[in-house]
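As C-alpha coordinates, the structure follows; a few thoughts come after it.
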Amino acid sequence: MNREYRLSKSKYLAAFQCQKRLWLEIHDKDKATPIDKVQEAIFNQGHYVGELAREYYPNGILIDSDYLNIPQGIQLTLDALADNPSSLYEGFFQFNNVLVRPDIMVNNNDGSWDFIEVKSSTQLKPENIRDVAIQTYVLTGSKIKIRKSYLMHINRECKFPNLKNLFSLEDLTEKIKPFIQNMDSSLDNLRTMLNTKKAPNISIGAHCTKPYNCSFKEFCWKDLPEYSVFNIPGLYLNKKEELYNRKIITVEDFQSSDYKLKQKQVDYIDSFKSKKPIINSNEIKNELNDLKYPLYFLDFETFGPAVPIFEDMSPYEQYPFQFSCHILDSNQNLSHKEYLHTNTKDPREPIINSLINTLGDKGTIVAYNASFEKTVISKLAKAFPLYEKKLKKINERFWDQLIIFKKYYKDYRFKGSNGLKSVLPILINGLNYDSLDVNNGSKAQVVWSNMIIETDENKKSILIKHLLEYCKLDTLAMVEIHKFLIKIK
(Lines give C-alpha, C1' and ligand atoms only; values in the text may rest on other atoms or scores of the structure.)
Protein backbone atom coordinates (compact mmCIF):
# COMPACT_ATOMS: atom_id res chain seq x y z
CA MET A 1 0.00 0.00 0.00
CA ASN A 2 1.37 3.39 -0.94
CA ARG A 3 2.08 5.81 1.86
CA GLU A 4 0.70 9.33 1.49
CA TYR A 5 3.69 11.42 2.54
CA ARG A 6 3.06 14.78 4.15
CA LEU A 7 4.66 17.57 2.16
CA SER A 8 5.54 21.12 3.07
CA LYS A 9 5.86 24.04 0.70
CA SER A 10 9.65 23.77 0.73
CA LYS A 11 9.60 20.04 -0.02
CA TYR A 12 7.13 20.52 -2.84
CA LEU A 13 9.33 23.21 -4.37
CA ALA A 14 12.44 21.05 -3.92
CA ALA A 15 10.90 18.43 -6.18
CA PHE A 16 10.68 20.89 -9.05
CA GLN A 17 14.36 21.56 -8.79
CA CYS A 18 15.08 17.82 -8.66
CA GLN A 19 12.86 14.92 -7.66
CA LYS A 20 15.92 13.09 -6.35
CA ARG A 21 16.41 15.94 -3.91
CA LEU A 22 12.90 15.48 -2.51
CA TRP A 23 13.34 11.70 -2.29
CA LEU A 24 16.57 12.13 -0.34
CA GLU A 25 15.03 14.75 1.95
CA ILE A 26 12.28 12.28 2.85
CA HIS A 27 14.24 9.01 2.93
CA ASP A 28 17.92 9.78 3.42
CA LYS A 29 18.31 13.30 4.76
CA ASP A 30 21.58 12.47 6.55
CA LYS A 31 23.31 12.67 3.17
CA ALA A 32 22.67 16.40 3.04
CA THR A 33 25.50 18.80 3.72
CA PRO A 34 24.68 20.77 6.91
CA ILE A 35 23.93 24.42 6.34
CA ASP A 36 26.84 26.74 7.10
CA LYS A 37 26.97 30.17 8.73
CA VAL A 38 26.58 31.89 5.37
CA GLN A 39 23.39 30.01 4.51
CA GLU A 40 22.13 30.57 8.04
CA ALA A 41 22.70 34.30 7.62
CA ILE A 42 20.73 34.26 4.36
CA PHE A 43 17.83 32.55 6.16
CA ASN A 44 18.01 35.06 9.02
CA GLN A 45 17.93 37.95 6.56
CA GLY A 46 14.83 36.45 4.96
CA HIS A 47 13.16 36.21 8.36
CA TYR A 48 14.03 39.83 9.11
CA VAL A 49 12.61 41.00 5.79
CA GLY A 50 9.43 39.05 6.55
CA GLU A 51 9.12 40.76 9.91
CA LEU A 52 9.50 44.19 8.29
CA ALA A 53 6.82 43.33 5.73
CA ARG A 54 4.31 42.75 8.53
CA GLU A 55 4.66 46.40 9.55
CA TYR A 56 2.90 47.31 6.30
CA TYR A 57 -0.13 45.32 7.51
CA PRO A 58 -0.25 46.17 11.24
CA ASN A 59 -2.34 44.88 14.12
CA GLY A 60 -2.26 41.33 12.88
CA ILE A 61 -1.93 38.09 14.81
CA LEU A 62 1.30 36.09 14.61
CA ILE A 63 0.94 32.33 14.96
CA ASP A 64 4.16 31.79 16.88
CA SER A 65 3.98 28.04 17.35
CA ASP A 66 6.44 25.15 17.10
CA TYR A 67 6.61 24.12 13.45
CA LEU A 68 6.67 20.46 14.42
CA ASN A 69 3.50 20.70 16.51
CA ILE A 70 1.13 20.92 13.57
CA PRO A 71 -2.17 20.20 15.42
CA GLN A 72 -1.44 22.97 17.90
CA GLY A 73 -0.48 25.39 15.10
CA ILE A 74 -3.68 24.64 13.19
CA GLN A 75 -5.81 25.14 16.29
CA LEU A 76 -4.13 28.45 17.12
CA THR A 77 -4.76 29.56 13.54
CA LEU A 78 -8.43 28.62 13.70
CA ASP A 79 -8.78 30.48 17.01
CA ALA A 80 -7.15 33.57 15.48
CA LEU A 81 -9.38 33.47 12.40
CA ALA A 82 -12.43 33.32 14.65
CA ASP A 83 -11.44 36.75 16.00
CA ASN A 84 -11.58 38.17 12.45
CA PRO A 85 -8.19 39.94 12.68
CA SER A 86 -7.08 42.63 10.24
CA SER A 87 -4.20 40.38 9.20
CA LEU A 88 -2.66 37.03 10.06
CA TYR A 89 1.03 36.13 9.99
CA GLU A 90 2.45 32.65 9.51
CA GLY A 91 -0.74 30.72 10.11
CA PHE A 92 -0.84 26.91 9.86
CA PHE A 93 -2.93 25.52 6.99
CA GLN A 94 -3.07 21.92 5.80
CA PHE A 95 -4.89 20.44 2.83
CA ASN A 96 -4.29 17.21 0.91
CA ASN A 97 -1.56 16.48 3.45
CA VAL A 98 0.40 19.58 2.41
CA LEU A 99 1.30 22.07 5.13
CA VAL A 100 1.93 25.76 4.39
CA ARG A 101 2.52 28.81 6.55
CA PRO A 102 1.62 31.93 4.53
CA ASP A 103 3.70 34.97 5.41
CA ILE A 104 0.84 37.45 5.46
CA MET A 105 -2.93 37.19 5.01
CA VAL A 106 -4.88 40.44 4.81
CA ASN A 107 -8.54 40.54 5.78
CA ASN A 108 -10.73 42.25 3.18
CA ASN A 109 -13.65 42.37 5.66
CA ASP A 110 -16.01 40.84 3.13
CA GLY A 111 -15.31 37.18 3.88
CA SER A 112 -12.25 37.11 1.63
CA TRP A 113 -8.52 37.41 2.21
CA ASP A 114 -5.51 38.51 0.20
CA PHE A 115 -2.45 36.30 0.51
CA ILE A 116 1.05 37.80 0.37
CA GLU A 117 4.27 35.79 0.04
CA VAL A 118 7.32 37.84 1.07
CA LYS A 119 10.73 37.38 -0.54
CA SER A 120 14.01 39.16 0.11
CA SER A 121 14.86 39.05 -3.61
CA THR A 122 14.46 42.14 -5.82
CA GLN A 123 12.30 40.72 -8.61
CA LEU A 124 9.80 38.04 -9.49
CA LYS A 125 11.47 34.70 -10.26
CA PRO A 126 9.85 31.72 -12.05
CA GLU A 127 10.01 29.57 -8.90
CA ASN A 128 8.06 32.23 -6.98
CA ILE A 129 4.97 31.53 -9.08
CA ARG A 130 4.90 27.87 -8.07
CA ASP A 131 5.57 28.93 -4.46
CA VAL A 132 2.53 31.20 -4.38
CA ALA A 133 0.46 28.59 -6.24
CA ILE A 134 0.96 25.76 -3.73
CA GLN A 135 0.10 28.04 -0.83
CA THR A 136 -3.00 29.41 -2.53
CA TYR A 137 -4.05 25.83 -3.34
CA VAL A 138 -3.81 24.82 0.34
CA LEU A 139 -5.55 27.96 1.56
CA THR A 140 -8.42 27.48 -0.86
CA GLY A 141 -8.63 23.82 0.07
CA SER A 142 -8.81 24.89 3.73
CA LYS A 143 -12.01 26.83 2.94
CA ILE A 144 -10.29 30.22 2.94
CA LYS A 145 -11.66 32.50 0.25
CA ILE A 146 -8.65 34.06 -1.46
CA ARG A 147 -9.39 37.17 -3.50
CA LYS A 148 -5.83 37.95 -4.63
CA SER A 149 -2.43 36.25 -4.31
CA TYR A 150 0.64 38.46 -4.30
CA LEU A 151 4.40 38.30 -4.21
CA MET A 152 6.00 41.03 -2.12
CA HIS A 153 9.69 41.61 -2.85
CA ILE A 154 12.39 44.17 -2.19
CA ASN A 155 12.26 47.38 -4.25
CA ARG A 156 15.71 48.35 -5.55
CA GLU A 157 14.61 51.99 -5.91
CA CYS A 158 14.19 52.45 -2.17
CA LYS A 159 16.71 54.80 -0.51
CA PHE A 160 17.56 54.99 3.18
CA PRO A 161 16.27 56.55 5.40
CA ASN A 162 12.89 56.54 3.62
CA LEU A 163 11.85 52.90 3.76
CA LYS A 164 8.20 53.51 2.91
CA ASN A 165 8.77 52.00 -0.53
CA LEU A 166 11.04 49.15 0.61
CA PHE A 167 8.68 46.61 -0.97
CA SER A 168 6.96 46.08 -4.31
CA LEU A 169 3.79 44.02 -4.77
CA GLU A 170 3.16 41.82 -7.81
CA ASP A 171 -0.28 40.34 -8.41
CA LEU A 172 0.12 36.66 -9.33
CA THR A 173 -3.54 35.72 -9.13
CA GLU A 174 -3.82 34.87 -12.83
CA LYS A 175 -0.32 33.48 -13.28
CA ILE A 176 -0.80 30.79 -10.64
CA LYS A 177 -4.06 29.40 -12.04
CA PRO A 178 -2.51 26.83 -14.43
CA PHE A 179 -0.38 25.45 -11.60
CA ILE A 180 -3.33 25.20 -9.23
CA GLN A 181 -5.41 23.39 -11.85
CA ASN A 182 -2.72 20.70 -12.11
CA MET A 183 -1.87 20.58 -8.41
CA ASP A 184 -3.78 17.38 -7.54
CA SER A 185 -2.10 15.34 -10.25
CA SER A 186 1.26 16.97 -9.50
CA LEU A 187 1.07 15.93 -5.84
CA ASP A 188 -0.08 12.42 -6.79
CA ASN A 189 2.94 12.03 -9.07
CA LEU A 190 5.32 13.18 -6.35
CA ARG A 191 3.89 10.76 -3.83
CA THR A 192 4.13 7.91 -6.33
CA MET A 193 7.79 8.78 -6.75
CA LEU A 194 8.31 8.92 -2.99
CA ASN A 195 6.89 5.41 -2.63
CA THR A 196 9.65 3.92 -4.78
CA LYS A 197 12.41 2.06 -2.94
CA LYS A 198 15.25 3.88 -4.69
CA ALA A 199 15.90 7.50 -5.43
CA PRO A 200 15.09 8.58 -9.00
CA ASN A 201 18.02 8.14 -11.36
CA ILE A 202 18.63 11.82 -12.09
CA SER A 203 21.97 12.99 -13.38
CA ILE A 204 23.99 15.84 -11.94
CA GLY A 205 23.84 19.10 -13.83
CA ALA A 206 22.60 22.67 -13.89
CA HIS A 207 19.64 21.89 -11.63
CA CYS A 208 22.05 21.15 -8.75
CA THR A 209 22.61 24.88 -8.29
CA LYS A 210 19.54 26.49 -9.86
CA PRO A 211 17.44 28.07 -8.62
CA TYR A 212 19.13 27.15 -5.30
CA ASN A 213 22.24 25.28 -4.25
CA CYS A 214 21.02 21.79 -3.38
CA SER A 215 22.11 20.47 0.01
CA PHE A 216 22.73 17.06 -1.60
CA LYS A 217 25.09 18.37 -4.29
CA GLU A 218 28.20 17.22 -2.43
CA PHE A 219 26.75 13.71 -2.15
CA CYS A 220 25.59 13.49 -5.75
CA TRP A 221 28.87 14.87 -7.17
CA LYS A 222 31.20 12.84 -4.94
CA ASP A 223 32.22 10.34 -7.64
CA LEU A 224 33.11 12.96 -10.23
CA PRO A 225 36.81 12.69 -11.19
CA GLU A 226 39.14 15.54 -10.19
CA TYR A 227 39.40 16.74 -13.80
CA SER A 228 36.11 16.35 -15.62
CA VAL A 229 34.17 18.02 -18.41
CA PHE A 230 32.65 20.23 -15.71
CA ASN A 231 36.08 21.93 -15.43
CA ILE A 232 36.29 22.95 -19.10
CA PRO A 233 36.00 26.75 -19.02
CA GLY A 234 33.39 28.63 -20.98
CA LEU A 235 31.04 25.70 -21.67
CA TYR A 236 27.48 26.32 -20.55
CA LEU A 237 26.51 24.12 -17.63
CA ASN A 238 23.68 22.49 -19.58
CA LYS A 239 26.25 21.56 -22.27
CA LYS A 240 28.47 19.96 -19.64
CA GLU A 241 25.44 18.09 -18.34
CA GLU A 242 24.71 16.84 -21.85
CA LEU A 243 28.29 15.56 -22.21
CA TYR A 244 28.14 13.88 -18.81
CA ASN A 245 24.92 12.09 -19.74
CA ARG A 246 26.63 10.84 -22.90
CA LYS A 247 29.33 9.29 -20.66
CA ILE A 248 31.83 11.93 -21.70
CA ILE A 249 32.96 12.51 -18.14
CA THR A 250 36.71 12.98 -17.94
CA VAL A 251 38.72 15.44 -19.98
CA GLU A 252 40.27 12.41 -21.72
CA ASP A 253 36.78 11.40 -22.89
CA PHE A 254 36.27 14.78 -24.52
CA GLN A 255 37.23 14.76 -28.19
CA SER A 256 37.77 18.40 -29.02
CA SER A 257 37.61 17.70 -32.75
CA ASP A 258 33.87 17.05 -32.34
CA TYR A 259 33.19 20.59 -31.13
CA LYS A 260 33.85 24.14 -32.20
CA LEU A 261 35.85 25.41 -29.26
CA LYS A 262 36.91 28.81 -28.04
CA GLN A 263 40.61 29.42 -27.51
CA LYS A 264 40.40 29.20 -23.73
CA GLN A 265 38.82 25.75 -24.05
CA VAL A 266 41.52 24.60 -26.47
CA ASP A 267 44.17 25.91 -24.06
CA TYR A 268 42.63 24.09 -21.12
CA ILE A 269 42.52 20.76 -22.98
CA ASP A 270 46.04 21.21 -24.36
CA SER A 271 47.35 22.02 -20.89
CA PHE A 272 45.64 18.95 -19.48
CA LYS A 273 47.08 16.69 -22.16
CA SER A 274 50.61 18.03 -21.79
CA LYS A 275 50.32 18.39 -18.00
CA LYS A 276 51.99 21.79 -18.40
CA PRO A 277 50.76 25.37 -18.23
CA ILE A 278 50.42 27.36 -21.44
CA ILE A 279 52.32 30.62 -20.93
CA ASN A 280 52.65 33.66 -23.16
CA SER A 281 55.74 35.05 -21.45
CA ASN A 282 56.18 38.01 -23.80
CA GLU A 283 52.70 39.37 -23.13
CA ILE A 284 53.11 38.82 -19.39
CA LYS A 285 56.35 40.82 -19.47
CA ASN A 286 54.66 43.58 -21.47
CA GLU A 287 51.91 43.81 -18.88
CA LEU A 288 54.33 43.87 -15.95
CA ASN A 289 56.55 46.47 -17.63
CA ASP A 290 53.67 48.92 -17.58
CA LEU A 291 53.49 48.84 -13.77
CA LYS A 292 54.92 51.81 -11.88
CA TYR A 293 56.45 51.43 -8.42
CA PRO A 294 55.55 51.52 -5.65
CA LEU A 295 52.93 48.83 -6.24
CA TYR A 296 49.87 48.86 -4.02
CA PHE A 297 48.16 45.45 -3.82
CA LEU A 298 44.60 46.30 -2.73
CA ASP A 299 41.58 44.24 -1.72
CA PHE A 300 38.21 45.31 -0.28
CA GLU A 301 35.68 43.38 1.75
CA THR A 302 32.15 44.69 1.30
CA PHE A 303 28.67 44.23 2.72
CA GLY A 304 25.29 44.76 1.06
CA PRO A 305 22.26 44.03 3.27
CA ALA A 306 18.77 43.61 1.88
CA VAL A 307 17.58 46.50 4.04
CA PRO A 308 19.85 49.56 3.77
CA ILE A 309 20.93 51.27 6.99
CA PHE A 310 23.14 54.15 5.80
CA GLU A 311 22.31 57.48 4.16
CA ASP A 312 21.12 57.35 0.54
CA MET A 313 21.88 53.63 0.12
CA SER A 314 19.64 51.13 -1.69
CA PRO A 315 18.85 47.48 -0.93
CA TYR A 316 21.82 45.18 -1.54
CA GLU A 317 24.08 48.12 -2.43
CA GLN A 318 27.62 47.11 -1.50
CA TYR A 319 29.80 49.27 0.75
CA PRO A 320 33.33 48.55 2.00
CA PHE A 321 34.03 47.78 5.64
CA GLN A 322 37.64 46.63 5.31
CA PHE A 323 40.69 46.80 3.09
CA SER A 324 44.17 45.35 3.03
CA CYS A 325 47.08 46.87 1.14
CA HIS A 326 50.55 45.42 0.67
CA ILE A 327 53.04 47.94 -0.69
CA LEU A 328 56.03 46.80 -2.74
CA ASP A 329 58.70 49.38 -3.58
CA SER A 330 61.20 49.30 -6.46
CA ASN A 331 63.76 47.58 -4.21
CA GLN A 332 61.23 44.81 -3.50
CA ASN A 333 60.76 45.92 0.10
CA LEU A 334 57.31 44.98 1.35
CA SER A 335 55.11 46.79 3.87
CA HIS A 336 51.46 46.40 4.84
CA LYS A 337 48.59 48.70 5.80
CA GLU A 338 44.98 47.86 6.57
CA TYR A 339 41.68 49.20 7.80
CA LEU A 340 38.80 47.37 9.49
CA HIS A 341 35.67 49.14 10.68
CA THR A 342 34.75 47.77 14.11
CA ASN A 343 31.50 49.51 15.08
CA THR A 344 27.97 49.95 13.74
CA LYS A 345 28.48 53.47 12.39
CA ASP A 346 28.74 54.16 8.66
CA PRO A 347 32.21 52.90 7.62
CA ARG A 348 32.40 54.71 4.30
CA GLU A 349 33.97 58.05 5.20
CA PRO A 350 36.56 56.58 7.60
CA ILE A 351 37.56 54.04 4.97
CA ILE A 352 37.88 56.81 2.34
CA ASN A 353 40.29 58.76 4.53
CA SER A 354 42.35 55.68 5.35
CA LEU A 355 42.40 54.69 1.68
CA ILE A 356 43.62 58.11 0.50
CA ASN A 357 46.34 58.17 3.15
CA THR A 358 47.46 54.65 2.26
CA LEU A 359 47.56 54.92 -1.54
CA GLY A 360 49.24 58.30 -1.92
CA ASP A 361 49.25 59.88 -5.37
CA LYS A 362 51.64 57.74 -7.45
CA GLY A 363 52.34 54.09 -8.18
CA THR A 364 50.20 51.34 -9.72
CA ILE A 365 47.34 49.87 -7.70
CA VAL A 366 47.08 46.13 -8.31
CA ALA A 367 43.82 44.29 -7.69
CA TYR A 368 42.50 40.88 -8.68
CA ASN A 369 39.38 41.55 -10.74
CA ALA A 370 40.02 45.26 -10.44
CA SER A 371 36.59 46.23 -11.78
CA PHE A 372 35.17 45.35 -8.36
CA GLU A 373 37.53 47.62 -6.45
CA LYS A 374 37.04 50.42 -8.97
CA THR A 375 33.25 50.13 -8.68
CA VAL A 376 33.48 50.36 -4.89
CA ILE A 377 35.61 53.49 -5.15
CA SER A 378 33.33 55.05 -7.78
CA LYS A 379 30.34 54.60 -5.47
CA LEU A 380 32.27 56.18 -2.60
CA ALA A 381 33.14 59.14 -4.84
CA LYS A 382 29.50 59.63 -5.78
CA ALA A 383 28.28 59.35 -2.19
CA PHE A 384 30.94 61.71 -0.79
CA PRO A 385 31.59 64.52 -3.32
CA LEU A 386 34.17 66.11 -1.01
CA TYR A 387 36.55 63.26 -1.88
CA GLU A 388 35.43 62.73 -5.47
CA LYS A 389 38.50 64.24 -7.16
CA LYS A 390 41.03 62.23 -5.14
CA LEU A 391 39.07 59.00 -5.49
CA LYS A 392 38.78 59.39 -9.26
CA LYS A 393 42.55 59.89 -9.44
CA ILE A 394 43.00 56.67 -7.47
CA ASN A 395 40.77 54.79 -9.92
CA GLU A 396 42.99 55.87 -12.82
CA ARG A 397 45.95 53.96 -11.34
CA PHE A 398 44.49 50.42 -11.26
CA TRP A 399 45.90 47.38 -13.01
CA ASP A 400 44.13 44.01 -12.99
CA GLN A 401 46.26 40.96 -12.15
CA LEU A 402 43.40 38.74 -13.26
CA ILE A 403 44.08 39.68 -16.90
CA ILE A 404 47.22 37.51 -16.81
CA PHE A 405 45.20 34.40 -16.07
CA LYS A 406 42.41 35.28 -18.44
CA LYS A 407 44.77 35.71 -21.38
CA TYR A 408 48.37 34.68 -20.87
CA TYR A 409 48.75 31.95 -18.26
CA LYS A 410 46.53 28.86 -18.56
CA ASP A 411 46.87 25.80 -16.34
CA TYR A 412 44.54 22.82 -16.23
CA ARG A 413 45.16 22.55 -12.47
CA PHE A 414 43.10 25.73 -12.01
CA LYS A 415 40.15 23.46 -12.91
CA GLY A 416 38.59 25.92 -15.31
CA SER A 417 38.62 28.85 -12.90
CA ASN A 418 40.94 31.83 -12.93
CA GLY A 419 39.85 33.08 -9.51
CA LEU A 420 42.48 33.95 -6.93
CA LYS A 421 41.64 31.01 -4.70
CA SER A 422 42.07 28.61 -7.65
CA VAL A 423 45.32 30.14 -8.91
CA LEU A 424 47.16 30.78 -5.63
CA PRO A 425 47.71 27.23 -4.30
CA ILE A 426 48.88 26.02 -7.71
CA LEU A 427 51.48 28.75 -8.23
CA ILE A 428 52.60 29.34 -4.65
CA ASN A 429 53.30 26.17 -2.71
CA GLY A 430 51.99 26.19 0.86
CA LEU A 431 49.96 29.40 0.52
CA ASN A 432 46.20 28.84 0.64
CA TYR A 433 43.07 29.65 2.61
CA ASP A 434 42.48 26.20 4.09
CA SER A 435 43.60 26.97 7.65
CA LEU A 436 41.72 30.26 8.00
CA ASP A 437 38.52 30.57 10.02
CA VAL A 438 37.34 33.14 7.47
CA ASN A 439 38.25 31.84 4.02
CA ASN A 440 35.93 33.61 1.58
CA GLY A 441 34.13 36.90 1.09
CA SER A 442 30.71 35.59 2.09
CA LYS A 443 32.02 34.36 5.43
CA ALA A 444 33.77 37.70 5.93
CA GLN A 445 30.43 39.47 5.57
CA VAL A 446 28.79 37.23 8.16
CA VAL A 447 31.68 37.52 10.62
CA TRP A 448 31.85 41.32 10.23
CA SER A 449 28.12 41.77 10.79
CA ASN A 450 28.44 39.69 13.97
CA MET A 451 31.65 41.38 15.12
CA ILE A 452 30.33 44.95 15.06
CA ILE A 453 27.51 44.06 17.47
CA GLU A 454 29.55 41.74 19.70
CA THR A 455 29.69 43.05 23.29
CA ASP A 456 32.17 40.52 24.66
CA GLU A 457 35.56 42.13 24.00
CA ASN A 458 37.42 38.80 23.89
CA LYS A 459 35.03 37.36 21.32
CA LYS A 460 35.11 40.60 19.35
CA SER A 461 38.92 40.60 19.22
CA ILE A 462 38.92 37.02 17.91
CA LEU A 463 36.53 37.94 15.11
CA ILE A 464 38.65 40.98 14.27
CA LYS A 465 41.73 38.77 14.08
CA HIS A 466 40.00 36.36 11.69
CA LEU A 467 38.89 39.18 9.40
CA LEU A 468 42.32 40.78 9.31
CA GLU A 469 44.01 37.45 8.55
CA TYR A 470 41.70 36.76 5.63
CA CYS A 471 41.90 40.12 3.91
CA LYS A 472 45.67 40.29 4.48
CA LEU A 473 46.12 36.93 2.74
CA ASP A 474 44.18 38.20 -0.29
CA THR A 475 46.73 40.96 -0.89
CA LEU A 476 49.76 38.87 0.12
CA ALA A 477 48.56 36.33 -2.45
CA MET A 478 48.75 38.97 -5.17
CA VAL A 479 52.25 39.96 -4.05
CA GLU A 480 53.50 36.37 -4.20
CA ILE A 481 51.86 35.82 -7.58
CA HIS A 482 53.51 39.01 -8.83
CA LYS A 483 56.91 37.76 -7.68
CA PHE A 484 56.23 34.46 -9.44
CA LEU A 485 55.28 36.20 -12.68
CA ILE A 486 58.33 38.46 -12.87
CA LYS A 487 60.54 35.36 -12.77
CA ILE A 488 58.96 33.84 -15.87
CA LYS A 489 61.56 33.64 -18.64
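The values are calculated or read from the model by the stated rules, or taken from the named source; none is laboratory data. Remember, it's a predicted structure, so these values are computed and weren't measured experimentally. Quick reminder, even Gly has a Cβ in these numbers, built from the backbone with ideal geometry, and neighbours come from all protein chains shown. For the accessible areas, the whole protein counts, side chains as well, though only heavy atoms, and no ligand, DNA or RNA atoms are used. Shrake-Rupley method; radii C 1.70, N 1.55, O 1.52, S 1.80 Å.
Among the trypsin sites (Lys or Arg not before Pro) in the stretch 356-451, those placed in a DSSP loop whose Cβ has at most 11 other Cβ atoms within 10 Å are LYS362. A Förster distance of 30 Å, applied to the separation of the beta-carbon atoms of THR173 and TYR212, puts the FRET efficiency at 0.75.
At a Cα cut-off below 13 Å, give the aspartates and glutamates reachable from LYS460, other chains included and same-chain residues fewer than 8 away excluded. Within reach: none. Sorting TYR244, TYR67 on solvent-accessible area from highest to lowest, probe radius 1.4 Å, gives TYR67, TYR244. Taking a point 7 Å out from the Cα of LYS247 in the direction of its Cβ, the residues of the stretch 216-231 whose backbone N falls within less than 20 Å of it are 223-230. Please enumerate, by chain and number, the aspartates and glutamates with C-alpha under 18 Å from the C-alpha of LYS392, excluding those fewer than 8 residues away in the same chain. Cross-link targets: ASP299, GLU349, ASP361, GLU373, ASP400. Working note: Debye formula, equal point scatterers on the alpha-carbon atoms of the stretch 186-324, no solvent; log10 I(q)/I(0) at q = 0.08, 0.12, 0.22 Å⁻¹ is -0.46, -0.88, -1.24. In a DSSP loop and with at most 15 other Cβ atoms within 10 Å, the GluC sites (Glu not before Pro) in the stretch 369-431 are GLU396. What is the chain's relative contact order, in percent, from Cα pairs under 8 angstrom and six or more apart in sequence? About 13 percent, as a whole number. Within the shell of other residues whose beta carbon sits under 14 angstrom from the beta carbon of ASP131, the net charge comes to +3, with Lys and Arg scored +1 and Asp and Glu -1.
Take the Cα of ILE453, step 7 Å toward its Cβ, do the same at ASN59, and the gap between the two points is 3.0 nm. Once all protein chains are placed together, SER86 keeps about 60 Å² accessible to a 1.4 angstrom probe. Only one residue of HIS326, ILE146, VAL376 has its Cα farthest out toward the positive end of the dipole of the chain, where Lys and Arg carry +1 and Asp and Glu -1 on Cβ, and that residue is HIS326. Summing charges over neighbours of PHE219, with a neighbour being any other residue whose Cβ is under 14 Å away from its Cβ, gives +1 when K and R count +1 and D and E count -1.
Restricting attention to the stretch 118-176, which GluC sites (Glu not before Pro) occupy a DSSP loop and are surrounded by at most 14 other Cβ atoms within 10 Å?
GLU157, GLU174
Can you give the relative contact order of the stretch 298-455 as a percent, counting alpha carbon pairs under 8 Å and 6+ residues apart? Before the final figure, lay out each step's value.
Details: 185 pairs, mean separation 28.4, N = 158.
Here the relative contact order equals 18 percent.
Taking 0.36 nm per residue of separation and subtracting the Cα-Cα distance, what length does fully extending TYR236 through ASN282 add? Could you put the intermediate results ahead of the total?
Values: separation 46, 0.36 × 46 = 16.56 nm, distance 3.12 nm.
Between TYR236 and ASN282, full extension yields 13.4 nm more.
Each other residue within a Cβ distance under 12 Å of ASN439 adds +1 if Lys or Arg and -1 if Asp or Glu, for a net charge of -2. Measuring from label point to label point, each 7 Å out along Cα→Cβ, what is the ASN97 to LYS125 span in nm? Result for the modelled spin labels: 2.9 nm.
How long are the semi-axes of the equivalent ellipsoid of the chain, defined as square roots of 5 times the Cα gyration tensor eigenvalues? Whole Å, largest first.
On the way: eigenvalues 433, 207, 69 Å².
In descending order, the three semi-axes are 47, 32, 19 Å.
In terms of accessible area, using a 1.4 Å probe and ignoring ligands and nucleic acids, VAL132, VAL38 rank largest first as VAL38, VAL132. On full extension, the segment bounded by ASN201 and GLN263 gains 18.8 nm, given 0.36 nm per residue less the C-alpha separation. Counting only lysines at least 8 places from LYS389 when in the same chain, those with an alpha carbon closer than 18 Å to its own are LYS362, LYS374, LYS379.
In this structure the amide hydrogen of LEU99, modeled in the peptide plane, comes within under 5 Å of the amide hydrogens of LEU7, SER8, LYS9, none closer than 5 places in sequence on its chain.
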